[in-house]
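Here's the structure, in structure tokens; my notes come after.
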Amino acid sequence: MPFRRPAVLSLLSRLARRAAWALGLAAASSAAAATEPKTVCTVTINSPDERDSFQRHLPPADYRFVELVQRGQADWLNTARQQGVRCDVLVISGHFDDGTEFYTDRFDDREFLTVHEMQRTACSASGDGLFSQLKEVYLFGCNTLQSTPRHVASGEVLRSLEASGRSSADAQRLAAVLSERYGQSNRDRLRHVFKDVPLLYGFSSKAPLGRHAGPLLERYFKTAPAGEIGSGVPSPTLLSLFGPSSMIAVAGLTDADPHAGFRQDLCTLADDRRPKTEKITFLHQLLQRDPSDVRMLLELLEQHASSITPALRQQAGAAAALRAIEGDQRSRERFLALARDADDSAVQARMMALARTLGWLTPAQEQAELLHLLAQRMARGKVGATEVDLACTARPRHEPVLAQRLIATGAPQAAHVSHAAVLACLGSPEGHRRTVHALTSVDETDLEIAQAYLRHRPLSDLQELRALTTGIARMGTATAQVRALETLAKQRLADAQSLQEIAGLFPRARSLEVQRAIAGILIRADYHLLEKTELARALRQHRLKSPDGSDVIDMLIRLLQTAA
């Protein structure tokens, strides 16, 4: 049947009108989107200088500001996510030295933001999440985009690869690949958090403090083109101004990245929308991977295992998933073999602790592994502050049977202070006396061991404390004496006789460093036990001239004068 021309024209006319309406709606939506203000989210952990500069110069008609930090409120990042906040620009200001969290150096503020929390926010989001429409992120903190890997394939990883039949050259090549994939430099971790974000500004090393960053931003905004903030396009002007302070610009991770699969691993465990049983099952899958991968994933495995609460273990699904891990003997044996071969004793202890959490070791078996570790290190002459820390933190204070069991191996040598300190940590009274006496040694290594021990086992016996202060006062080497005094300062003395002994050393000291160390003890201690006016006078009269201006000695004098 032939088409009738008028009907066809009518249909075409209607379609044209609908197309025009649709185009008009799209144009209107585009115009609305163009005029809608961009949301600048700020996370002000330390200095407000950077945030205030952005806020002063960006026109309110084009940019609206949302401060995400709610001081005194827990989990404020998640609160913002639940409230539907979506950021176009994110400005984070805080110290970031070790790469685990943004933090403040203000004594009256304890606010912080961990990388783990940012990962949880990023991984738990759908298309409308807090970070879903980000175009730019400004990371004002030291080392935020540092490329040094946090994790490098260690000796046990290389040996594991060779044991699996690979040649030495192949093992070296694969170890390098593992270090690149799992290295988790600060730059990698933040690129993972801000996936698909076109532009991240940060610092490859030291960043300027807020009071210096603020003026630099002021100079930038004087010449910045309108609309540049939030465009996702790097600013040559900004990079030039902050370039001497190591600012660089990178893009967030994309699916095309060769190591994007590792982000998926991270997100599978960080996504709080996933059932916990599913996460435990995935944890099991990670443990079944090649031992070299498992070793590189240790921090991630520990982090998730620590979230398995006693209440969760009682749930049927979780209990079944955990039983599956506990019964996986092949994965267990591979994991324990790798742990026992670890070059770093701290890593070995961490892996054994994880094995206990997973049900692969009983507490008694973990204890036996620790003693074996310590005996091996002693036999190899490789006991230092790390092993002392392990022994002191792993066991309760009064358990001399453990010291006796270690002595029975024949590994401890009486001549080594480090061996004595390990035994002291495990409950040996003789080890304790030997280690405390080492604090007055001129041997730097012995001093370091004694310091490590006393961090965990503060002095409580008054006679021992007095004997130690007398011994430190008689030391003839200034460098060793300073270290001994600094260790004593952490004991926060409250014994008048000991304090008098230390205060009496001040006029005799021939080193400014020794005098400062003495002042460090007195300012931390209960100096009210001393005659304050007389002490202040002695400090003023005998203090050596400071080339650096006011110091801890001056501060102590002011405190004494105020308290007098």
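Could you grab me the full set of residues in region 432-463 that are small (Gly, Ala, Ser) and surrounded by fewer than 15 Cβ atoms within 10 Å (Cβ to Cβ)?
460
Just name the residue that is surrounded by the most Cβ atoms within 10 Å (Cβ to Cβ) out of those in region 159-205 that are part of a helix (DSSP H, G or I) and among the acidic types (Asp, Glu).
In this case the residue turns out to be 188.
So, in region 208-265, how many residues would count as being of a type in the set (S, T, N, Q) and within 30 Å of residue 283 (Cα to Cα)?
Count: 2.
Tell me the residue from 380, 350 that is closer than 30 Å to residue 444 by Cβ, basic (Lys, Arg) and not assigned by TED's automatic domain parsing to the domain that holds residue 453, please. First the steps, then the outcome.
Working: 380 fails: not assigned by TED's automatic domain parsing to the domain that holds residue 453.
Checking each option against the conditions leaves just 350.
Please specify each residue of region 134-153 satisfying the condition of being more than 17 Å from residue 209 (Cβ to Cβ) and aliphatic (A, V, I, L, M).
134, 137, 145, 152, 153
Restricting attention to region 495-503, does a residue exist that is over 19 Å from residue 461 (Cα atoms) and in a helix (DSSP H, G or I)? Quick ask: steps written out before the conclusion?
In the first step, residues of region 495-503 are kept if they are over 19 Å from residue 461 (Cα atoms); the result is 503.
Right, trim to in a helix (DSSP H, G or I) and you get 503.
Yes: one or more hits.
Right, residue 332: modelled with pLDDT of 95 or more, touching a Phe, Trp or Tyr at 6+ places or on another chain (Cβ under 7 Å) and of a type outside the set (Asp, Glu) or not?
Judged against the criteria, residue 332 is a match.
When the residues of region 368-383 are filtered to those that are aliphatic (A, V, I, L, M) and assigned to a helix (DSSP H, G or I), which remaining residue is nearest to residue 352 (Cα to Cα)?
Restricting attention to region 368-383, the residues satisfying the condition of being aliphatic (A, V, I, L, M) are 368, 370-371, 373-375, 378-379, 383.
Narrowing further to those that are assigned to a helix (DSSP H, G or I): 368, 370-371, 373-375, 378-379.
Working: 368: 10, 370: 8, 371: 12, 373: 11, 374: 13, 375: 16, 378: 19, 379: 20 Å.
That would be 370.
As an exercise: evaluate residue 318 against (1) surrounded by 16 or more Cβ atoms within 10 Å (Cβ to Cβ); (2) aliphatic (A, V, I, L, M); (3) under 25 Å from residue 189 (Cβ atoms); (4) over 26 Å from the mean Cα position of the chain (by Cα) and give the number of the one condition it does not meet.
Of (1) surrounded by 16 or more Cβ atoms within 10 Å (Cβ to Cβ); (2) aliphatic (A, V, I, L, M); (3) under 25 Å from residue 189 (Cβ atoms); (4) over 26 Å from the mean Cα position of the chain (by Cα), only one is false for residue 318: (3).
Residue-by-condition table, conditions (1) on the phi < 0 side of the Ramachandran plot; (2) buried (at least 17 other Cβ atoms within 10 Å of the Cβ); (3) polar (S, T, N, Q):
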{"site": "476", "(1), (2), (3)": "yes, no, no"}
{"site": "479", "(1), (2), (3)": "yes, no, yes"}
{"site": "484", "(1), (2), (3)": "yes, yes, no"}
{"site": "488", "(1), (2), (3)": "yes, yes, no"}
{"site": "497", "(1), (2), (3)": "yes, no, yes"}
{"site": "511", "(1), (2), (3)": "yes, no, yes"}
{"site": "521", "(1), (2), (3)": "yes, yes, no"}
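Inspect region 54-61 for any residue being assigned by TED's automatic domain parsing to the domain that holds residue 137, surrounded by fewer than 17 Cβ atoms within 10 Å (Cβ to Cβ), assigned to a strand (DSSP E or B) and modelled with pLDDT of 95 or more and give the result as yes or no. Working first, answer last.
Kept after step one, since they are assigned by TED's automatic domain parsing to the domain that holds residue 137, are these residues of region 54-61: 54-61.
Going one step further and asking which of them are surrounded by fewer than 17 Cβ atoms within 10 Å (Cβ to Cβ), we end up with 55-57, 59-61.
Next cut, assigned to a strand (DSSP E or B) only: none.
No, there is no match, as no residue in region 54-61 is assigned by TED's automatic domain parsing to the domain that holds residue 137, surrounded by fewer than 17 Cβ atoms within 10 Å (Cβ to Cβ), assigned to a strand (DSSP E or B) and modelled with pLDDT of 95 or more.
Going by what's in this entry, would residue 452 be described as in contact with a Ser or Thr (Cβ under 9 Å, 6 or more places away or on another chain) and without any contact (Cβ under 8 Å) to a residue 60 or more places away in the chain?
no
Kindly indicate which of 420, 403, 394, 414 is of a type outside the set (Asp, Glu), within 28 Å of residue 487 (Cα to Cα) and either at pLDDT 95 or above or touching an Asp or Glu at 6+ places or on another chain (Cβ under 7 Å) (or both).
420
Quick one: residue 101 ticks every box in (1) loosely packed, with under 15 Cβ neighbours inside 10 Å; (2) in contact with a strand residue (DSSP E or B) (Cβ under 7 Å, 6 or more places away or on another chain); (3) within 18 Å of residue 204 (Cα to Cα) bar one, so which box is it?
Every listed condition holds for residue 101 apart from (1).
Consider region 139-195. How many of its residues are under 17 Å from the mean Cα position of the chain (by Cα), without any contact (Cβ under 8 Å) to a residue 60 or more places away in the chain and farther than 18 Å from residue 300 by Cβ?
Adding up the residues that qualify gives 3.
If you go through region 326-342 one residue at a time, do you hit one that is assigned to a helix (DSSP H, G or I), loosely packed, with under 14 Cβ neighbours inside 10 Å and of a type in the set (A, V, I, L, M, F, W, C)? Steps first, please.
Step one: of region 326-342, the residues assigned to a helix (DSSP H, G or I) are 326, 329-340.
Narrowing the set further to residues that are loosely packed, with under 14 Cβ neighbours inside 10 Å leaves 326, 329-330, 333, 337.
Next, only the ones that are of a type in the set (A, V, I, L, M, F, W, C) stay: 337.
Within region 326-342, one or more residues are assigned to a helix (DSSP H, G or I), loosely packed, with under 14 Cβ neighbours inside 10 Å and of a type in the set (A, V, I, L, M, F, W, C).
Those residues that are part of a loop (DSSP other than H, G, I, E, B) and within 17 Å of residue 354 (Cβ to Cβ), I need them from region 269-289; list them, please.
Correct list: 288, 289.
Note down all Cβ pairs under 7 Å where the first residue falls in region 540-564 and is over 21 Å from residue 528 (Cβ atoms), the second is among the charged types (D, E, K, R) and surrounded by 10 or more Cβ atoms within 10 Å (Cβ to Cβ), and they're at least six residues apart or on different chains.
Close Cβ pairs satisfying both conditions: 551/516.
Can you pull out the residues in region 104-114 that are touching a His at 6+ places or on another chain (Cβ under 9 Å) and surrounded by 14 or more Cβ atoms within 10 Å (Cβ to Cβ)?
104 - this is the single residue of region 104-114 that is touching a His at 6+ places or on another chain (Cβ under 9 Å) and surrounded by 14 or more Cβ atoms within 10 Å (Cβ to Cβ).
Tally time: how many residues in region 62-79 are part of a strand (DSSP E or B) and either in contact with a Cys (Cβ under 6 Å, 6 or more places away or on another chain) or among the basic types (Lys, Arg) (or both)? Talk me through it step by step, then tell me what you get.
Initial filter on region 62-79 (part of a strand (DSSP E or B)): 63-67.
Filter once more, keeping what is either in contact with a Cys (Cβ under 6 Å, 6 or more places away or on another chain) or among the basic types (Lys, Arg) (or both): 64, 66.
Residues in region 62-79 being part of a strand (DSSP E or B) and either in contact with a Cys (Cβ under 6 Å, 6 or more places away or on another chain) or among the basic types (Lys, Arg) (or both): 2 in total.
Cβ-Cβ distance below 7 Å, separation of 6 or more or different chains: which pairs start in region 408-436 with a residue that is touching a residue at least 40 places away in the same chain (Cβ under 8 Å) and closer than 14 Å to residue 447 by Cα and end on one that is surrounded by 13 or more Cβ atoms within 10 Å (Cβ to Cβ) and of a type outside the set (Val, Ile, Thr)?
Matching pairs, first to second residue: 419/378; 419/412; 419/413.
The values are calculated or read from the model by the stated rules, or taken from the named source; none is laboratory data. Nothing here was measured: the structure is a model prediction, and the numbers come from that model. Neighbour counts run over all protein chains shown; Cβ positions are idealised from the backbone, glycine included.
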